[in-house]
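Input: a single structure, listed below in structure tokens.
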Amino acid sequence: MRIEASGPRPADDAWEQYTRTSAWPEWAPQIRAVRGVSGRIAPGDRGVVHGPFPLRVPFTIVSVDPAARRWTWRVGVGPLSVVLDHGIDRPVAFEGCTAWADVHAPALLVRAYAPLARLALRRLVSA
């Protein structure tokens with residue numbers, strides 16, 4: 001399932017926010033902190049996302065393609081892990097950008113996560 005949002009933020013700026021772990025808590029309300037990765041993400045990076053309450057979820061960055069503004073990560077452990085593909089697009093007839101996430105998980109989990117993810121993406125693409 002794809003979750004997306006469009007807004008006025010320039011694509012390069014949104015990409016910077018999307019790929020710098022220290023910025024994630026600024027636009028993603030479900031993320032309180034990120035440990036284990038500092039700076040921009042790179043393939044093979046491993047860390048832990050700290051969510052609300054005592055929730056802590058390990059992750060691995062699978063791939064990053066700065067030229068295409070795409071990245072993928074695996075969040076969770078074993079059969080409870082979820083793969084998310086992310087990207088930033090700059091439509092030709094649009095001044096800002098579109099941020100999206102393709103969530104590869106059971107439909108029930110995606111439907112529960114979608115409103116929060118949509119809010120985070122809206123915040124990411126806002127000026």
Once you wrap a convex hull around the alpha carbon atoms of segment 54-100, what is its projected area averaged over all directions, in nm²?
-> 4.5
Within-9-Å neighbourhood charge of Val48 [Cβ basis; K, R +1; D, E -1] | +3
Packing-based ranking, highest mean first, of 36-46, 22-32 given that Cβ atoms within 10 Å are counted | 22-32, 36-46
Karplus couplings for segment 110-127 from phi (6.51 cos²θ - 1.76 cosθ + 1.60, θ = phi - 60°), rounded to Hz, Gly and Pro as x?
-> 5, 5, 6, 7, 3, x, 5, 5, 4, 4, 4, 5, 4, 5, 5, 8, 6, 6
Dipole magnitude (debye, nearest 20) for the chain, charges at Cβ of Lys, Arg, Asp, Glu | 400
Spin-label point model (7 Å from Cα, Cβ direction): what's the Ser63 to Gln30 distance in nm?
-> 2.3
Separation in nanometres of the label points that stand 7 Å from Cα toward Cβ, at Ser81 and Ala42 = 2.0
What value, in deg cm²/dmol to 500, does the helix sum -39500 (n - 2.57) over DSSP H runs of n ≥ 4 give at 222 nm once divided by the residues of the chain?
-> -7500 deg cm²/dmol
When only C-alpha pairs under 8 Å and at least 6 residues apart count, what is the relative contact order of segment 9-75, in percent?
-> 21
When the charge dipole of the chain is computed with +1 at the Cβ of Lys and Arg and -1 at the Cβ of Asp and Glu, the Cα pointing farthest to the positive end, of Phe59, Thr19, His104, is that of Phe59
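What number in nm² do you get for the chain if you take the convex hull of its Cα atoms and divide its surface by four?
Mean shadow area of the hull around the Cα atoms is 7.3 nm².
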For segment 33-77 (alpha-carbon point model, no solvent) the Debye-based log₁₀ I(q)/I(0) at q = 0.17, 0.25, 0.34 Å⁻¹ works out to -0.48, -0.88, -1.21
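Bear in mind these aren't lab numbers, they're just calculated from the coordinates by the rules spelled out. Keep in mind the model is a prediction, meaning the values are calculated, not measured. A quick note on method: Cβ atoms are made from the backbone with ideal geometry, for glycine too, and the neighbour counts reach across all protein chains shown.
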